[in-house]
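Undergrad: This structure is in structure tokens; I'll ask about it shortly.
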Amino acid sequence: TPQETFYERVGGEPTFRAIVDRFYAGVPDDPVLAPLYPSDDLEGARERLTLFLMQYWGGPRTYDEWRGHPRLRMRHAPFAIGEAERDAWLARMRAAMDEVGLDPEHDAVLWEYLTMAAEAMRNR
Ligand code: HEM
């Protein structure tokens, strides 16, 4: 239906879980990203990104109920994010999305957003 959200069009929660699970599976072995993330709470970090993306694309608003307004730039301020960190994040995400294999139209929409958002998170 025309009212269907992007969240629904790409397959809902399982699709976002699949992408973010694959992203985080690579974080501990990533020399640039591993030091930034809480090694004792990668599960929590994974849940936060999953719920955020689900909400952003029109799914359930569980992220907001749990964490409040996203304020992503502010929440990233404690981490030094320069070009290297941005590129490492995007490379991991690209690999995760390739593994999941969205159809090309959906892939392009999600990827454009993520590349823009990653650049916006840069604070160095
Ligand atoms: C949290 C790094 C880009 C969404 C975090 C955390 C780190 C981090 C270290 C803390 C982990 C945690 O949740 O405990 C980075 C780096 C990026 C990047 C290096 C490279 C540019 C992005 C992008 C998005 C995003 C593009 C969204 C499209 C989030 C969310 C959280 C988070 C939703 C949890 C916020 C909260 O509720 O506390 N990020 N991030 N990040 N990041 Fe990123």
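Undergrad: Find how much the distance from D41 to E105 grows on full extension, using 0.36 nm per residue of separation minus their present alpha carbon separation; answer in nm with one decimal.
TA: In short, 19.7 nm is gained.
Undergrad: Hey, another quick one. Excluding ligands, DNA and RNA, what is the solvent-accessible area per residue of the chain at a probe of 1.4 Å, expressed in Å²?
TA: I get 57 Å² per residue for the chain.
Undergrad: Right, here's the next one. Mind listing which trypsin sites (Lys or Arg not before Pro) in the range 1-67 are in a DSSP loop and have 11 or fewer other Cβ atoms within 10 Å?
TA: Of the trypsin sites (Lys or Arg not before Pro), the ones in loops of the range 1-67 whose Cβ has at most 11 other Cβ atoms within 10 Å are R61.
Undergrad: Between H69 and E13, what FRET efficiency follows from the Cβ-Cβ distance if R0 is 30 Å, with the result rounded to 0.05? Before the final figure, lay out the partial values.
TA: Working: r = 22 Å, r/R0 = 0.72.
The formula returns an efficiency of 0.90 here.
Undergrad: Taking K and R as +1 and D and E as -1, what net charge do the other residues with C-beta under 14 Å from the C-beta of L42 add up to? Can you show the working numbers first?
TA: Working: positive: R22, R46, R48, R92; negative: D21, D29, D30, D40, D41, E43, E47.
Net local charge, L42 excluded: -3.
Undergrad: Exactly which chymotrypsin sites (Phe, Trp or Tyr not before Pro) in the range 5-103 are in a DSSP loop and have at most 16 other Cβ atoms within 10 Å?
TA: For chymotrypsin sites (Phe, Trp or Tyr not before Pro) across the range 5-103 that sit outside H, G, I, E and B with at most 16 neighbouring Cβ atoms in 10 Å, the list reads F79.
Undergrad: Could you tell me the convex hull volume per residue, in Å³, taken over the Cα atoms of the chain?
TA: Each residue corresponds to 106 Å³ of Cα convex hull volume.
Undergrad: Quick check: at a probe of 1.4 Å, how many percent of the accessible area of the chain sits on carbon and sulfur atoms?
TA: On the way: 3750 of 7090 Å².
Of all accessible area on the chain, carbon and sulfur atoms account for 53 percent.
The values are calculated or read from the model by the stated rules, or taken from the named source; none is laboratory data. Every value quoted in this text rests on a predicted model; they were computed, and no experiment measured them. Every residue, glycine among them, receives a Cβ derived from its backbone with ideal geometry; neighbour counts consider all protein chains shown. Each accessible area value is taken on the protein alone, full model and side chains, heavy atoms only, with ligands, DNA and RNA left out. Shrake-Rupley method; radii C 1.70, N 1.55, O 1.52, S 1.80 Å.
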